[in-house]
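In what follows, a single structure is set out as structure tokens and then discussed.
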Amino acid sequence: MPPFLTLSLDDLCPGEPRHRLERAIEDRQISAPYMLSDLLAVSLSKPAEPTDGLLAAVTRRADEHFLKIAGQLSLAEMLDRLGDQPKTSDIADAFSLGLPEEIAEEALRHSGGPRAAAFFLRDQASRAAAIPTIALTSEALEAGAARLAPMMAAGGGASVADLSELRANAPAIALDISKFVAPTGIAHDMLADILGDLRLALTAGTLVLTGLGAAIFALGIDYSGPRARRTAEAIVGLIRSLTTGTALSQSRAKQVGIAPIKAGPRTDIHLVIAPLRPDIAEELQADSQGLAPITAYCADEEEFDLLPSVRLGLAQTAPVELAQFLNGASSGSAFQDLAGLTPKRLRDRGFTSEALEKIARALADGLPLSAAFSRWVLGDAFIQDQLHLNPDAYDTDGLALLSAIGLSKKEITDANAVNGQRQGVQLQDILVSAGFTPQPDLTAQLELGGAIASQLTVPPVIELDSDADPSDIALIAESGLGVLIHGRRAPLPDTVREQIKRAVETANATEDEHAYTPPESPSAAPNEPPAEPPRTSRSRLPDRRKGYIQKATVGGHKVYLHTGEFDDGALGEIFIDMHKEGAAFRSLMNNFAIAISIGLQYGVPLDEFVDAFVFTRFEPAGDVTGNDRITKATSILDYIFRELAVSYLDRADLAEISDSLSHDGLGRGLADGTRETPELSAEAAKVISRGFSRGQLPDNIVILDRRRDEDSADGHSDAGSDVAEDESAPDYLADPCANCGSFTVFYDADRGEAVCDTCGVVAKSVRP
């Protein structure tokens, strides 16, 4: 329900009339009931002199209005990225983008999920309250134009209309007059039924009329002619008679093709023509607003989908031309003037006569190029077999297909513009030939408003933009009609725009310093293929490399995993051998291992492969024997990549057995408080397999020749000797250490004890 829907039809109109009004709301003939102040976009306050405080307040409210909309749309965008079932990482990314934790909590607990919450926020933004306006006298508007400029630049509005005699908190409903026009004229019976029910609902309320210009067009009458004014008087007189109980004269009744109506019981219902709040106007989807004429004749300018009122009006005044426009021109002229998009050029690109005929029919039917060259017109078989392209890539984007067959961006843009302009020119020609004025001027609107003003409670209000000519505003004021001037939000100051631009550039550079952006080549030939991104160089493994072999059985099938490492201990290749399997399966596993190895050597992180293949399910699967960390696997690939993750990435979360055992299966491993297992250093990784030791330095490994590289760096050469002498090294005793078994026991003269240089345990007191 709309946020400003403060009234209920149950209270206003119970019983069967309520059901008819509910159907009329669903058919967009009338709006839901509102308070009048929530229905109109114009201020209902009495016109006053604008004080500095009042102007500042309206300016602030306008800023808050647009800030609220921007905030709701931004939150909706972040919630949309979460999807229906977001992962923890997705939520963390949203937090890093600024999504408040409270919004995430409410979105996750929402019955429809984050996307439904995003839809609600967008709906709230579209249904935002009317832009703040201030009611002024015409003299104050003319004298204070400079003072109003800051408020107008903030998006606020100003109205010159005295609507103060209307009750702001009275019930009000908007009615679209154009929805009651049929091919035979005004649908009097349907209008009488709806207005009869509205008399019960709005006993002391207001009926706001809209769509008068569309109704006149639908009857086949030009908005600018005298017939339009007589018809408008008759239509508004009919509504007034059916609503308030006044009589409808014979002349006016004849104008709309019905019998005169005698006066009946009077009601205190006000009739108003004034601008509606934007979201309510969108809800009604009227072909024209308020008193204004139709200015946009198509619901979708790109596809030239004519408005219902335009179809009705042209069907009565130019049926042949309308049929030709809807059916399109002949196929032979469909490609006319479409820049470089000629049938000959398309044939050179592989298009068959049948495909060209399909495109011609689509263009003749008024479809844009993006639809005419889509898979739904050309067909998947043609795109795949003739053009050798993937149909899925051109589902609704035919412009991308034109680019793929070699047309330049400029040629596509020009052809698309010509195609749209051609349809627009055809429509303008039909309107003129049918006797319509395509763009009625303000004078016609003033004359129409003056003709019906006496039948309304207050004079009609006309909408203008803030950049309207001051003479037009003065002309409306002189005619006695009201005017609402919409402020236009000023563009960003140059300083703010430049700061935002620099911030975006900095954020993009920080996000991905190595992102490749294909260079634009406007001078490149149309058929020249786009430049390929630079390729990452392949890191070759050393000729003599480390690694380990892990033998295991998965579901009773024996698997040998052999790894190869770079000098720094990083995984560089894998081999997978399986025995007693079919030749096809063994070959597939061998080639799969080659593909993984090539990816590793081109810099694909191992964790990407792990995330892709762990917990994949296929046979063989089941119990795993021969591996000290993994006991079950859902497939061969699950076992292999869990083993690699445990050995090279320290992913203990992917193993069933923790680090309760040491590397050699003795003692309590890391839980043993008597010793520490250091990380595998870069020096140790040169001679020890990082995967075999699982990143830990085994207890019985001692690096004794660390000084060799230092001596070489100092210019000392150890050539001619097997081991460089270290004068500071102690003299080791012949007996091994009783604790660790190393022959590194030496006599410490200061302590008078024998100490192991490896484990540090003090031996018995001895003399050398």
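The values are calculated or read from the model by the stated rules, or taken from the named source; none is laboratory data. Just so we're clear, the structure is a prediction, and the values are computed from it rather than from any experiment. FYI the Cβ positions are ideal-geometry reconstructions off the backbone, even for glycines, and counts take in every protein chain you see. For accessibility, only protein heavy atoms count, side chains too; no ligands or nucleic acids. Shrake-Rupley method; radii C 1.70, N 1.55, O 1.52, S 1.80 Å.
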Between segment 188-266 and segment 75-144, what is the C-alpha centre distance in whole Å? 41
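Quote the relative contact order of segment 72-139 in percent (integer), defining contacts as alpha-carbon pairs under 8 Å separated by 6+ residues.
43
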Report, largest value first, the span of the C-alpha coordinates of segment 60-197 along each principal axis, in whole Å. 57, 50, 29
For Glu282 paired with Arg751, estimate the spin-label separation in nm (one decimal), with each label point 7 Å from Cα along the Cα-to-Cβ line. 8.1
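Would you mind working out the accessible area per residue for segment 536-596, using a 1.4 Å probe, and quoting it in Å²? The partial results should precede the final answer.
Working: 3500 Å² over 61 residues.
Here the residues of segment 536-596 average 57 Å² of exposed surface.
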Please give the Cα centre distance for segment 376-398 versus segment 456-505, rounded to the nearest Å. 46
With all protein chains present, how much of the accessible area of segment 196-280 (probe radius 1.4 Å) comes from carbon and sulfur, to the nearest whole percent? 52
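Roughly to the nearest percent, how much of the accessible area of segment 66-167 is carbon and sulfur, given a 1.4 Å probe? Walk me through the intermediate numbers first.
On the way: 3080 of 5550 Å².
Looking at segment 66-167 in its full context, I get 55 percent from C and S.
Per residue, how much accessible area does segment 137-181 have with a 1.4 Å probe, in Å²? Before the final figure, lay out the partial values.
Values: 1640 Å² over 45 residues.
Using a 1.4 Å probe on heavy atoms only, each residue of segment 137-181 averages 37 Å².
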Filter on Lys87/Lys501; Lys179/Lys358; Lys179/Lys254; Lys68/Lys410; Lys358/Lys409 - keep pairs with C-alpha separation over 29 Å: Lys87/Lys501; Lys179/Lys358; Lys68/Lys410
Quick one: which of 87-99, 587-599, 241-253, 175-187 comes out on top by average Cβ neighbours within 10 Å, and what's the full order, highest first? 175-187, 241-253, 587-599, 87-99
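Using per-residue counts of other Cβ atoms within 10 Å, averaged over each peptide, order 752-762, 478-488, 439-449 from highest down. Please report the intermediate quantities before stating the final value.
Values: 752-762: 15.6, 478-488: 20.0, 439-449: 18.3.
Answer by packing, highest mean first, reads 478-488, 439-449, 752-762.
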